[in-house]
Each structure stands twice: as C-alpha cells, then as structure tokens.
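In what follows, a structure is listed as structure tokens, so that the remarks can point back to it.
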Amino acid sequence: MSSIFARIVSGEIPALKVFEDHETLAFMDISPASRGHTLVICKHEYPDIFSIPPTTLSAVSHTTQQVALALRDVLAPDGINIIQNNGAAAGQTVFHYHVHVIPRWDGDAAVRLWQPQSADQAALRALADQLSAAIQQP
Ligand code: 5GP
C-alpha cells in the first residue's frame, strides 16, 4: 500500500504545499512541533536514508535549504532544526523519506533530541576508525 505521503504526491490526500519540483515536494506538517514546521519529501517513495538514491537525496537537500531560507525570511526564527528519522526506534512513523524543517525560538517548548553524554576517547577513536573503513568511496 502507498504511504500517506505518496497519496499526498498523487493528490489523493490534500496538503498545504509550499514548494514543488519534479523530484521533491514541501508541505506543512499536519501536527507541527512549532509554527512553520514543514516537511520536505522525495516524490518517489523511498522508505529511508538507506534506500534513497544519492541524486534524489541531493534534490531533497536543496529543497530543504530553500524551505529553511523561506522560513528565515517569513518567520525570523532564532534557529532551525533539520531532523530526519529512520526506523521506528528513531521515531519514524511515515516510512517515506522526509526531512523535518522546524523553526525554533529562544526558550520555546520544543525539546532537544538528546542529552549530551561523556564518551570514552579510545572507544570513540576505535568506532571512528571502524566507520571510516566501512564508508564506501564513490
Ligand atoms: P516521522 O515521525 O515519520 O519522522 O514524521 C512524520 C510526520 O508526518 C509527523 O510530523 C506527522 O505530523 C506528519 N504527518 C503524518 N500524516 C500527515 C498528513 O496526512 N499530512 C501532513 N501534512 N503531515 C502528516
């Protein structure tokens, strides 16, 4: 079955669209974390960061920047969070790649995603080396 966002792309479900090009679509989140919370999606249904092709990812990033610039112009927030969830454990509820663009204001009610922890430096270096070796060069 198509994702709810694929049904927005097809026009089956309405959305408050703010931008559209041949690969991407931006629209207002139906349950916003803050005033201006906007979603940027790829029109083709890729579930997550693992499956989206790099060129489509670039297109989504470009649209995300355009939306962030527009939000800065229109709402003048103190900051903007760019958030992208992958997997239920990470908070993903719609399994169609999307980026949250969330304006923030000093002292607002939206929470920070994590609490900073201290890390063992040797373990951190070992993990960095492991990740570096695992990254596939183009
Ligand atoms: P996720 O938790 O998957 O990262 O984010 C999904 C987002 O989609 C949520 O912020 C939720 O409010 C939004 N959302 C879910 N269904 C709809 C819908 O039908 N229309 C719009 N505009 N947003 C939706």
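Does Ile30 count as touching a residue at least 24 places away in the same chain (Cβ under 8 Å) and within 16 Å of the chain's Cα centre (by Cα)? Answer is no for this residue. Once the range 19-40 is narrowed to residues that are crowded, with 20+ Cβ neighbours inside 10 Å and more than 10 Å from the ligand (Cβ to nearest atom), the residue that is nearest to Arg112 (Cα to Cα) is Gly36. Being surrounded by 15 or more Cβ atoms within 10 Å (Cβ to Cβ) and of a type in the set (D, E, K, R) is a condition met by at least one residue of the range 44-63. Kindly evaluate Ser132 against the criterion of being more than 16 Å from the ligand (Cβ to nearest atom) and either closer than 18 Å to Ala33 by Cβ or loosely packed, with under 10 Cβ neighbours inside 10 Å (or both). Considered against the rule, which asks whether it is more than 16 Å from the ligand (Cβ to nearest atom) and either closer than 18 Å to Ala33 by Cβ or loosely packed, with under 10 Cβ neighbours inside 10 Å (or both), Ser132 comes out as yes.
Let's see how each residue does on (1) surrounded by 15 or more Cβ atoms within 10 Å (Cβ to Cβ); (2) without any contact (Cβ under 8 Å) to a residue 12 or more places away in the chain:
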position: Leu75; (1), (2): no, no
position: Asn81; (1), (2): yes, no
position: Gly91; (1), (2): no, yes
position: Phe95; (1), (2): yes, no
position: His100; (1), (2): yes, no
position: Arg104; (1), (2): yes, no
position: Gly107; (1), (2): no, yes
position: Val111; (1), (2): no, yes
position: Trp114; (1), (2): no, yes
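Is one or more of the residues making up the range 6-14 away from the ligand (no atom under 12 Å from the Cβ), of a type in the set (D, E, K, R) and either out of contact with any strand residue (DSSP E or B) (no Cβ under 6 Å at 6 or more places or on another chain) or under 19 Å from Gln92 (Cα atoms) (or both)? No; the residues of the range 6-14 include none that is away from the ligand (no atom under 12 Å from the Cβ), of a type in the set (D, E, K, R) and either out of contact with any strand residue (DSSP E or B) (no Cβ under 6 Å at 6 or more places or on another chain) or under 19 Å from Gln92 (Cα atoms) (or both). Filtered by the rule that a residue be under 19 Å from Ile80 (Cα atoms), at pLDDT below 90 and not basic (Lys, Arg), the range 105-131 gives Ala109, Ala110, Val111, Leu113, Trp114, Gln115. If the condition is being more than 16 Å from the ligand (Cβ to nearest atom) and either touching a helix residue (DSSP H, G or I) at 6+ places or on another chain (Cβ under 8 Å) or β-branched (Val, Ile, Thr) (or both), then the range 63-103 contributes Val74, Pro77.
The values are calculated or read from the model by the stated rules, or taken from the named source; none is laboratory data. Remember, predicted model here, so these are calculated numbers, not experimental data. Note that each Cβ is placed from the backbone with ideal geometry, even for glycine, and that neighbours are counted across all protein chains shown.
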